[in-house]
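Report on the structure given below.
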Amino acid sequence: MEHINYLAFAIPAFFIFLYLEYALAVHLKKEHLFKYESSVSNVSIGIAERLLNLFIAASFYDLFNYIYKNYAVFNIPNTWWVWVLLILATDLVWYWYHRLGHQINFLWAAHIVHHQSEEFNVSVSARITTFQALIRSVFWCALPFVGFHPVMVITILTVHGAYSFFTHTQLIGKMGWLEHILITPSLHGIHHASDEKYLDKNYGDVFVFWDKLFGTFQKEEEAPKYGLTHPIKSYNFLWQHFHYYFEIIEAAKRENSWRNKWKVVFGHPSMLNQDIRPLLEKRFLQHKSKDQYRFKFKKYLNGQLIVCVAFLTFTTAFFTYLGLSDKLFILLFVLLTLINCGALLEQRKWIYYLECFRLILAFGYVFLKFDLLGLIFIPTLILILLERAFLLSNVYRNCVLKYEKVTN
């Protein structure tokens, strides 16, 4: 077991910190800082990114190593002062990656997910997509290109990323003189605000130097309002990831010339037609339950999240020992479960069919391991017969989801 990835222990540690923050908020009578649906959404997006990142993380190092060996401008030594220089360089690269991510539509499409939450707590730090991780890694290539060794780069990126975890909270107030040096929770909260005076401010991740140097620094004055200037109206896992790409495509379709289409893709988000999102929401979000019955889902949903976290932790620790079929099954099963969690939050009527598909996937994996994949039709046939004989969908709704009438 010499190849165990001990970063897997960071996953339960995250949830311990999340629990401690919530417990402290309750103690301080600030539990309003948490909203169940938002926290589930934040955690779901983080689980997906961490799991997908396992499949591409090695490629990041290989890319850094290739650039370092073939194109490094300088041969930078591994000494103590170089580490200081590297953390400053890393934060400078982050600043410009982050700033451009707010100013160019196709980059904002990847980053917007991080800003969708209207709460600001530790769970928001998990709200990172794989698209954002990929784009961010392209910017990180500047570090080995300059001459920093890839091992140093990966190490400092881990530290850099860990720091930002602690800046997503409202339970830490202003921090005195540190506000002039570091990006604190107060300063980063401004970055997450939708108030006009706070827009496009405080792009730094660790240090405030860059924001002050490039004119984007803003201290907290009035209490910020968190989230997007035009909030999305859904906890749908897929919609949160892809809605802005759809908006860009729709906006580009409306333009007649390639020049104008190009401007849509590379233009500023503020220039995008704000009437497009409501139209797309009507087009794609039509299947939300609107009847007088809703289901109790928290225990069931919490159980699914626990399963996803267990899968993520196990896969992170033993990724190198797992076969391709094991990895793909875990990936598909977890992604389907996260989609299901979003559907539960929105009371979608098609949850039962997604559950059936997920169950067939699980049977398919077991049959594959026993070399019986040709018999996968059997559980499918059994589900159909149970539905015909016992109205299994009604049993699922009444016994698992536990439908109850809404009382206003």
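The values are calculated or read from the model by the stated rules, or taken from the named source; none is laboratory data. Because the structure is a prediction, the values reported are computed rather than measured. Using ideal geometry, Cβ is built from the backbone for each residue, glycine included, and neighbour counts are taken over all protein chains shown. What goes into the accessible areas is simple: the full protein's heavy atoms, side chains included, and nothing from ligands, DNA or RNA. Shrake-Rupley method; radii C 1.70, N 1.55, O 1.52, S 1.80 Å.
Based on Cα positions only, what radius of gyration and what Dmax would you give for region 325-398, in angstroms?
Both quantities, over Cα of region 325-398: 13.5, 38 Å.
Accessible area per residue for region 233-355 in Å², computed with a 1.4 Å probe and the full protein assembly in place, what is it?
Details: 6740 Å² over 123 residues.
I get 55 Å² per residue for region 233-355.
Over region 69-159, give the accessible area per residue in Å² for a 1.4 Å probe, as an integer.
Working: 3660 Å² over 91 residues.
Accessible surface, normalised per residue, equals 40 Å².
Non-local amide H neighbours of R348 (under 5 Å, H modeled in plane, Pro and chain starts lacking H): which ones?
The answer is S289.
Return the whole-Å distance between the Cα centroid of region 7-56 and the Cα centroid of region 67-123.
So the two Cα centres are separated by 22 Å.
Near the amide H of Y226, under 5 Å away, which other amide H atoms are found, from residues 5 or more places off or on another chain, if H is placed in the peptide plane?
S194
From zero outward in steps of 20 Å, how is the percent of C-alpha pairs of the chain spread across the bins?
22, 55, 21, 1
From the phi angles alone, apply the Karplus equation (6.51, -1.76, 1.60; θ = phi - 60°) to region 351-359 and give each ³J(HN,Hα) in whole Hz, x where the residue is Gly or Pro.
Coupling constants for region 351-359: 4, 4, 5, 5, 4, 4, 5, 5, 5 Hz.
In deg cm²/dmol and to the nearest 500, what is the mean residue ellipticity at 222 nm of the chain if only DSSP H runs of at least 4 residues count, each as -39500 (n - 2.57), divided by the residue total? Could the numbers behind the result be given before it?
Numbers: 17 runs with 245 residues, N = 408.
Mean residue ellipticity at 222 nm (helix-derived): -19500 deg cm²/dmol.
Would you work out the charge dipole size for the chain about its Cα centre, treating the Cβ of every Lys and Arg as +1 and the Cβ of every Asp and Glu as -1, and quote it to the nearest 20 debye?
Value, rounded to 20: 1080 debye.
Near the amide H of L182, under 5 Å away, which other amide H atoms are found, from residues 5 or more places off or on another chain, if H is placed in the peptide plane?
V208
Based on Cβ point charges of +1 for Lys and Arg and -1 for Asp and Glu, what charge dipole magnitude is obtained for region 131-266 about its Cα centre, in debye rounded to the nearest 20? Let's see the in-between values first.
On the way: 13 positive and 12 negative charges, 87 e Å.
Result for region 131-266 is approximately 420 debye, rounded to the nearest 20.
Give me a comma-separated list of calculated 3J(HN,Hα) values for region 231-247, in order, Karplus coefficients 6.51, -1.76, 1.60 applied at θ = phi - 60°, integers in Hz, x for any Gly or Pro.
Ordered by residue, 3J(HN,Hα) equals x, 7, 10, 7, 9, 4, 4, 6, 4, 4, 6, 10, 4, 6, 4, 4, 5 Hz.
Mind listing the phi-derived Karplus ³J(HN,Hα) values for region 253-261, rounded to whole Hz, using 6.51, -1.76 and 1.60 with θ = phi - 60°, and x for any glycine or proline?
Rounded to whole hertz, the list is 4, 6, 8, 8, 9, 5, 4, 6, 4.
Label points 7 Å out from Cα along the Cβ direction at V151 and L178: separation in nm?
Rounded to a tenth, the inter-label distance reads 3.2 nm.
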